[in-house]
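Here the structure comes first, spelled out in structure tokens, and everything after it is commentary.
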Amino acid sequence: DRIGLPVAVRPFLDALLAVWIDLALDAIAIRLKYWTWIIPLNEGWFGVPPANLYAWMWVAFCYSVPARLIRSLMKKEKRWYFEYFVLPAVSYLGLLFAMSSFGVIANTLGLRTQNERLVIFLSLFLLFLFIILIFWKHSKRSSESLTPVWMWSRLAIHIYFLIAYFLFGFYTEIPLLGVIAFAALGGEIFFMKKFLSA
């Protein structure tokens with residue numbers, strides 16, 4: 001909201017911010033055995049199923065759209081508090097539809113392997129990014145104050161996993177992930193400056 005994109009475009013940025021942190025984190029976390037995916041480490045997104053990344057985008061998007069709509073209605077009509085109880089159900093229905101669509105698209109296109117299905121995630125990511133960039137020049141930054149703790153926590157997560165990437169020698173196994181991790185960290189710093197500067 002502080003960046004000032006048009007309201008209709010903000011869920012697309014919400015979705016990218018949600019998956020942004022996962023692009024480097026998940027591939028390192030599975031190598032640290034924090035959790036396990038049942039695919040080879042050279043499949044999908046460095047061992048992460050593309051559906052996981054796709055899902056993170058849609059979780060944020062499917063929550064952001066109705067939440068923002070309810071928030072705008074609450075400004076006009078004070079009786080909209082009931083809709084916050086409906087919000088999780090609406091969000092889950094949107095997510096269920098999106099994830100089902102992922103499967104249908106993958107099967108229709110004959111995308112069987114995790115590497116092939118990565119195309120769906122990358123296409124969606126680029127589409128959302130394209131939509132944001134189109135409207136970026138129309139953004140009007142807010143002067144509203146913001147508590148920086150949530151941005152610092154995102155930055156700390158990136159740094160933690162970047163340190164683990166080098167400390168445990170994952171850079172020898174997947175050097176490209178280092179480039180992605182530094183780009184993700186740079187993106188966080190860029191957004192911190194955008195969010196927190198007056």
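The values are calculated or read from the model by the stated rules, or taken from the named source; none is laboratory data. Model, not experiment: these values are computed from the prediction. Every residue, glycine among them, receives a Cβ derived from its backbone with ideal geometry; neighbour counts consider all protein chains shown. The accessibility values were calculated without ligands, DNA or RNA, using every heavy atom of the protein model including side chains. Shrake-Rupley method; radii C 1.70, N 1.55, O 1.52, S 1.80 Å.
Within the chain, count lysine pairs with alpha carbon atoms under 22 angstrom apart where the residues are 8 or more positions apart or belong to different chains.
So the count works out to 5.
Which length gain, in nm to one decimal place, applies between residue 140 and residue 166 when the Cα-Cα distance is subtracted from 0.36 nm times their residue separation?
5.5 nm
Find how much the distance from residue 32 to residue 8 grows on full extension, using 0.36 nm per residue of separation minus their present alpha carbon separation; answer in nm with one decimal.
Here the segment from residue 32 to residue 8 would lengthen by 4.8 nm.
Can you tell me how much longer the chain between residue 156 and residue 41 gets when fully stretched, taken as 0.36 nm per residue apart minus their C-alpha distance, in nm with one decimal?
Answer, rounded to one decimal: 38.9 nm.
Looking at the chain as a GNM with Cα springs under 10 Å, which of 119, 65, 104 has the largest mean-square fluctuation?
Checking each option, the largest mean-square fluctuation is seen for 104.
Roll a 1.4 Å probe over the protein chains and send me the accessible area per residue for the chain in Å².
58 Å²
How much FRET efficiency would the formula 1/(1 + (r/R0)^6) give for residue 149 and residue 1, where r is the Cβ-Cβ distance and R0 is 25 Å, rounded to 0.05?
Computed FRET efficiency for residue 149 and residue 1 comes out at 0.90.
Each label point is 7 Å from the Cα along the Cα-to-Cβ direction; what then is the distance between the points at residue 100 and residue 182, in nm?
4.5 nm
Could you work out the longest stretch of the chain that avoids the GluC sites (Glu not before Pro) located in DSSP loops with at most 10 other Cβ atoms within 10 Å?
Between exposed loop sites, the widest span is 1-76.
Round to a whole number: what % of the accessible area of the stretch 1-79 belongs to carbon and sulfur, probe 1.4 Å?
Here it works out to 68 percent.
If I model a spin label as a point 7 Å beyond the Cα along the Cα-Cβ vector, how far apart are those points for residue 127 and residue 192 in nm?
3.3 nm
Taking each full run of DSSP H in the chain as one helix, which ones are at least 18 Å long along their axis (Cα atoms) and have mean Kyte-Doolittle hydropathy of at least 1.6?
Correct list, ordered by number: 114-136.
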